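Any read-out appearing in this document is the output of simple, stated calculations on the displayed coordinates, not a laboratory observation. Model, not experiment: these values are computed from the prediction.
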Amino acid sequence: MSRMKNISSPTPPNPCPHLADFKSKHGPTPFMGLQHCIQTRPMGRASIFRAENELPRCSSCPTTRRQRLYACVTCAVVSCHVHARSHSHAIAVDVDRAELFCCRCGDQVYDSDFDAAVLAASLPPLGEFQSLPPPPPLLPWKRRRVEYRSWEPSATERQLIGENSTPLSAVSAQPPQAEPGTMQGGDPGSAPCPGLGLPLGLKGLNNLGSTCFMNSVLQALVHTPPFRNYFLSDRHNRYFCQKRRNGNGLRKGRKASSENGNEDWKMNLCLACDMDALFSAAFSGDRSPFSPAKLLYSWWQHAANLATYEQQDAHEFFISMLDGIHEKVKDRSKMQSQGGDCCIAHRVFSGILRSDVMCMVCGFTSTTYDPCVDISLDLEPNYLPKVRPQKSKKSSNSETDTIDLNLNSRTSSLTRCLDRFTRPEKLGADQKFFCQQCQERQESLKQMSIRKLPLVSCFHIKRFEHSSLRNTASKLDRYLQFPFSLDMSPYLSSSILRSRFGNRISSFKEEHQDVYDELSSEFELFAVITHTGKLNAGHYVTYLRLSNQWYKCDDAWITQVSESIVRAAQGYMIFYVQKTFYYKASQTPLPSC
């Protein structure tokens, strides 16, 4: 509730009586005709339009020195701050800032209609604006908060559960002994947890031949909270799914000799079912490592171009897995919404990016929206000092290297990468875009922001760079500092636009919907995928945070590690989950038990 109080709208000031009198005489929207007299510049700067060689001056002052000038809205007479008070009309506009000014009060005044006219000056004409694609629909401006209530089975449900389920062994009461290859390790700061057991769901995955890229991503997916809750609540049951597909004319295990038969066999594979089987194995209580061979085969059929025994990129596998799950469980009735509700993969990982391209001549802004399931970030430029790892005397393992962070106070960090991702960037002369207001190609600025935050934010760090001139590829081994708690509010579209337009953004009703993302902009780190070694001969490892304890998942080996080991890891994919989930009220009331 304190979060709600922190973002509550401030109390508006008392309205100016002279402005109210002006609007009563000239109608409720007297400023919309002024948009043709306003010129805008990139980053939201606006002023009264004038020629390049025109020097405005006060009509009552003989001096030509630079001073604050105001243009009367009624008669267009320009006056300085001193003579504006004695002018016959009350409402004027600041010539250099395009801000409303009351000559009687001697102060700036605020009016939403005037700010809408200023914003309209940077938008295309009405006919062109209607032809632009609308922004993807988001959550409504006002959402009714629903109190969370834990589910408790009724007497009938308890009977059904007792008759149709087998209880798990009391893992927490009698922790299993560490099995060979499951809880061993020798990293400084780590311990194999003898006698304590591992958290339920933490299970090693066997390497099936250069498949550490797959195992690292699967460990992160299994322990992604909303993704895990979906499968553990039986929202996708592999037996029902298989029965439904068999009912469509497919038979499990059928050998196909014709081309159509091969296509049917591929259609019978389901990555969501394989994930359901993985969740069942991980939470079964059995600590022996699991071999995801069926899932690997299904993924090969989905991504035939990656079906080799060679090492693959973990990020490509992550994107391909979400795409494969989407193909099998998507809700076609919600495909056009673009709001991320068509499948569990999009409901958890999908966000929306906003891209603004601003003309540097007239300030016209072209906006596009793109869905995304992750954000790829560039490391900071090479002029920053590289961190030299110092080998530990106790171990030669490169993951246990200690990192000297005292070389320079400016350490590359995830927040700085996000700052670079959302800051304005001047496009090159070869990337001029066609300005609809200037009707010609102009130089421009581009700025990215996040329109809608996902439940789980995945940041992909671009550590592999390719040179088209040298036709070579290399890996960037620079250290990246990442926080355990991350506030994403500075990178939201609402924050970016508010800094660009100031208080005028309060009248831009399209961005009001971003207040929901401001409520849930606090994120918490729960998984880090690292890559060690060279570009073509490396190894992937996942660090997971469970019950405020970190564990290292190295294929079949699960090891408890300290927080310092995680902080020193070379992050390649970093996963954050929202600290607080906000649920919307159900449209269908549930029957009382």
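Can you tell me how much longer the chain between residue 419 and residue 156 gets when fully stretched, taken as 0.36 nm per residue apart minus their C-alpha distance, in nm with one decimal?
On the way: separation 263, 0.36 × 263 = 94.68 nm, distance 5.45 nm.
That pair, residue 419 and residue 156, stretches by 89.2 nm at full extension.
Here are some pairs, 426/579; 328/446; 552/579; which of them have Cα atoms lying more than 29 Å apart in this structure?
Values: 426/579 35 Å; 328/446 36 Å; 552/579 22 Å.
From 426/579; 328/446; 552/579, over 29 Å: 426/579; 328/446.
What is the extension gain from residue 165 to residue 32, computed as 0.36 nm multiplied by their sequence separation minus the C-alpha to C-alpha distance, in nm to one decimal?
Working: separation 133, 0.36 × 133 = 47.88 nm, distance 6.76 nm.
Computed gain between residue 165 and residue 32 is 41.1 nm.
Convert each backbone phi in segment 227-239 into a coupling constant with the Karplus relation 6.51 cos²θ - 1.76 cosθ + 1.60 (shift: θ = phi - 60°), then list the ³J(HN,Hα) values in order as whole Hz, x for Gly and Pro.
Coupling constants for segment 227-239: 5, 5, 4, 4, 6, 6, 8, 6, 6, 10, 9, 5, 6 Hz.
Run the numbers on segment 36-117 and let me know its relative contact order in percent, using alpha-carbon pairs under 8 Å that are six or more apart. Working shown, then result.
On the way: 122 pairs, mean separation 18.8, N = 82.
That works out to 23 percent.
Could you list which residues have their amide H under 5 Å from that of residue 38, counting only those 5 or more apart in sequence or on another chain, with H placed in the peptide plane?
49
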